[in-house]
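Report on the structure given below.
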Amino acid sequence: MSQPPQHWNQPQPPPAPPAPYAPPQYGQPQQPPAGPPPQYGPAVQQFPAGSPPQYGQPQQPPAGPPPQGGPWPGWSPQGGQPGTPPGMPPTQEPGQQRKLSRRGLFGIIGGAVVVAGGGFFGARALAGGGSDDSDDFAPLPGAAANSGGISTDDVNALLGVLNTALTKRDKASFVSRHTPGAVATQAGRMFDNIGKFTFDKLEYQVIGQGGRLFNAGGGASSVKMDIALVHQVRGVDATPLPEWYEWTLSRSGTDAPVVITAVNGASSVLGEAKYVYYPAIWDSPKDIVVIERPNVVLTAETAADGDLLKKSADVIAQAIATNRTVWKQAGAPTTGLAPGAFIVGTSDRDKFYYWYSGEANQHGNEAALTIPVLNADSMDQDRTVTQVFGSRIVADLTTDFFHAGTGEETAQDLFQHEDTHNMTFSIMTASDPSMPLWVVEGFADFMATRSYSNPLQNYVKLPELKQYATVGDKGRKWDGKSFPSNDNVYSDDLVVADGCYGLGTMVFYFIEQKYGLDKAIGFAVANYRPAANANGSPGDDDPAKVASQLLGISLDDLRTQWVAFVHQVIGA
C-alpha cells in the first residue's frame, strides 16, 4: 500500500462548477477521449432538493434453514412481515418464486443531506489550531482560570494531535487522547483498521451544524460535540466525504489534556440520523479485511467474508473497469466522475443496513445497496450550496451472486448495476424527486447486462417482464402504453417490480439499437444533469426535453416506438 500525501490539513479552494452536460450531437458516434485518462477531483454540482434514493439489486434467499425466533427488537421492516427473522424475505403467496426484489427505497436509509437554511460547517478546525470560517463559528466558552473548562483552542489542539497522529501513523499518540479502557481500546482498533486504506485526504474537522453549538456549560469540565472525519479514499472517491461522530470530551484540570471519553455517531444532521453516515467499516471492533484492486476497494468485517470477496475481487474489478470503458466510449462526462467503487461485503443480514446508516435489522429486499454520501466541501455555508455525491456500496455475501451465480446472476452483473448508480450519483445535478425510476433502474440494468451474449434474449428479468406485460400478477398488469411509475418500479409485488425494471431497461436497449450507444448513455446522463434553474436551484429532470434535444423526437414518439420494441422482445 502506498503512503498517503502528507498535506491533509491544508484548506482547499472550492472547485469551479462544471457546465451542464452537453449530450452528443445526433448521429455522431463518440470516440474515447484522446490522451491520458481524465484526472478526477472535487467537481461541484448543484445539490438536489430532497434526499436521494438508494438503489438495490435483487437477491436470492439465504441458503440453509431459516433462523428461529419471533420479532426482532428494534426491527422496522421494509416490505417485510413483522416478526420475520433476519435474513429472510417477506412472506410470499403460495407458489410464488422465492426471491427478493430490487428496491432503492427513496430516502429511507442513508442518502444525501437536504441543505436548507444555511450550511453545516460553521468552522473547520485545522491541525494548526486555526479555522477557515471562524467568523461564522460560535466558539466554545473560554476556559476559566483553574476551572478545567474546555475552550475552542483546546478542541483545535486536540484535533491537531489526532490529525498529526493519523498522518504519521502514530498509534500511541492517537490512543493517548482517549480515556483508558474500552474507549482507548476501540480507538486503537479504529486506528489499525483505517490504516489499511490509502487516502488522498484524512482529517478530523469541527462541525458547527445549523445552530447546534457546542455548549460546554461555562466552566464545565466536559462537553459533547459533533466532529467530522473527512476522508477521500484513493482511486475510489472523486471528492472528500464526511462521517459524523459525537465525541464526549473531558479534562480533569487546567493543566490536564483534553481527552475523548465517549465516541458515538452524531445524533443527527439537519434532524435526520440517516445523514450521519456512521458507522463506517473502520469503526468495527473487529480486525477488518481490506482487498484492493485497481479503482476498487473491497472490505469486510470478518476473515470469512474477506475470503468471499477475494474470490470475486478480479470479477468485481472488471465490472468497475467495464463500466468506465463504456462510459468514456459514449463520450459521457468524466469531470467529477467517481474513479472507482468502495464495497463493503457482509454475510450478516443484521449488518447489511447497519453500515453507513446505523439502521440494523432493516430487512428489505436488496442484495446490494448503493448509499450516496454528500461531499464535505458542499456543506460550507460561506459558499453557494452545492453538492457532489460519493457512494458506499454494501453487498450481502449470502446471495447467489457470490456462490452459485450463473449467466447474469453473477458478481459482475451485480456490481455493474450498483456501480452505475455510484457513477451517476457522482455527476448528478438533478433535483432528486424529479428523477423517474424507470430511468434510474433501467439504465443501471442496461449497463449491467449489455455485455452479455444476446442480452435481450438472456435478460434475467425477461420472464417477469413477459408476465407483467401479458397476464399481470394479482390483478396488476402493464397498460401496454406507459412508462412505469415509481411506485411500480419499487413495488412489493416482485413480478410487478421486476417487470417494471425490465420495461425501463428496454428503453435504453431500444435507444441503443436505433440511435447508438452514445445516445443511450447520453439519454441517462442528460436526465441526471439538467441545467440549474434561473434562481440557481437544482434543475428538474425532464425526459421530454432530453428526448427532443438528444434524439430529435417527442417523448410520445419515443414511448410509441419503445412499446413496439417491448412487444417485439417479449414476442407478444
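The values are calculated or read from the model by the stated rules, or taken from the named source; none is laboratory data. Given the structure is predicted, the values throughout are model-derived calculations rather than measurements. For neighbour counting, all protein chains shown are included, and Cβ atoms are generated from backbone atoms with ideal geometry for every residue, glycine included. Note: areas computed on protein heavy atoms with side chains; ligands, DNA, RNA excluded. Shrake-Rupley method; radii C 1.70, N 1.55, O 1.52, S 1.80 Å.
Filter region 420-467 down to the residues that are closer than 24 Å to Q318 by Cα and of a type in the set (D, E) and list them by number.
E441, D445
One line per residue, one yes/no per condition, for (1) within 20 Å of the chain's Cα centre (by Cα); (2) of a type outside the set (G, A, S):
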| residue | (1), (2) |
| --- | --- |
| V276 | yes, yes |
| T302 | no, yes |
| V326 | no, yes |
| G340 | yes, no |
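Could you grab me the full set of residues in region 535-572 that are outside any helix (DSSP H, G or I) and of a type in the set (D, E)? Steps first, answer last, please.
Kept after step one, since they are outside any helix (DSSP H, G or I), are these residues of region 535-572: 535-542, 552-554, 571-572.
Scanning region 535-572 gives D540, D541, D542.
Hey, any hits in region 440-451 for a residue that's open to solvent by 20 Å² or more (accessible area, probe 1.4 Å), within 16 Å of F508 (Cβ to Cβ) and over 19 Å from the mean Cα position of the chain (by Cα)? I'd like the intermediate steps shown before the answer.
Our first condition is that a residue be open to solvent by 20 Å² or more (accessible area, probe 1.4 Å); within region 440-451, this holds for 450-451.
Checking which are within 16 Å of F508 (Cβ to Cβ) leaves us with 450-451.
Add one more test, that the residue is over 19 Å from the mean Cα position of the chain (by Cα), and what stays is 450-451.
Checking region 440-451: at least one residue is open to solvent by 20 Å² or more (accessible area, probe 1.4 Å), within 16 Å of F508 (Cβ to Cβ) and over 19 Å from the mean Cα position of the chain (by Cα).
Quick one: in region 446-487, of everything that is in contact with an Asp or Glu (Cβ under 9 Å, 6 or more places away or on another chain), in a helix (DSSP H, G or I) and touching a residue at least 40 places away in the same chain (Cβ under 8 Å), which residue is farthest from I320 (Cα to Cα)?
The extreme case among them is L465.
When you scan region 234-335 for strands (runs of 3 or more DSSP E) that lie fully inside it, which ones turn up with 3 or more residues that are at pLDDT 95 or above?
On the way: elements: 241-250, 259-265, 289-293, 296-300.
Of the strands (runs of 3 or more DSSP E) lying wholly inside region 234-335, those with at least 3 residues that are at pLDDT 95 or above span 259-265, 289-293, 296-300.
I'd like the residue in region 371-393 that is touching a Lys or Arg at 6+ places or on another chain (Cβ under 8 Å) and modelled with pLDDT of 75 or more and, out of all such residues, is surrounded by the most Cβ atoms within 10 Å (Cβ to Cβ).
Here is the first cut: in region 371-393, the ones touching a Lys or Arg at 6+ places or on another chain (Cβ under 8 Å) are 371, 373, 377, 380.
Now narrow it down to the ones that are modelled with pLDDT of 75 or more: 371, 373.
Values: I371: 28, V373: 24.
It comes out as I371.
Applying the selection to region 143-186, what residues are at pLDDT below 95 and among the polar types (S, T, N, Q)?
N146, S147, S151, T152, N156 - these are the residues of region 143-186 that are at pLDDT below 95 and among the polar types (S, T, N, Q).
Provide a single number: the residues in region 452-477 that are of a type in the set (A, V, I, L, M) and surrounded by fewer than 17 Cβ atoms within 10 Å (Cβ to Cβ). It would help to see each step written out before you state the result.
Filtering region 452-477 for residues of a type in the set (A, V, I, L, M) gives 456, 460, 462, 465, 469, 471.
Then keep just the ones that are surrounded by fewer than 17 Cβ atoms within 10 Å (Cβ to Cβ); that gives 471.
Matching residues across region 452-477 total 1.
Report, by residue number, each residue of region 288-304 that is acidic (D, E) and buried (at least 21 other Cβ atoms within 10 Å of the Cβ).
Applying the first criterion (acidic (D, E)) to region 288-304 yields 292, 301.
E301, the sole residue that qualifies.
If K514 satisfies all but one of (1) in a loop (DSSP other than H, G, I, E, B); (2) open to solvent by 40 Å² or more (accessible area, probe 1.4 Å), what's the number of the condition it fails?
For K514, the exception is condition (1).
Of the residues that make up region 245-260, is at least one open to solvent by less than 20 Å² (accessible area, probe 1.4 Å) and free of Cβ contacts under 8 Å to residues at least 60 places away in the same chain?
yes
Go through region 177-208 and give me each residue that's free of Cβ contacts under 8 Å to residues at least 40 places away in the same chain and either part of a helix (DSSP H, G or I) or hydrophobic (A, V, I, L, M, F, W, C) (or both). Lay out the reasoning, then the answer.
Kept after step one, since they are free of Cβ contacts under 8 Å to residues at least 40 places away in the same chain, are these residues of region 177-208: 180-182, 184-185, 188, 191, 195.
Answer for region 177-208, where residues must be free of Cβ contacts under 8 Å to residues at least 40 places away in the same chain and either part of a helix (DSSP H, G or I) or hydrophobic (A, V, I, L, M, F, W, C) (or both): A182, A184, T185, G188, F191.
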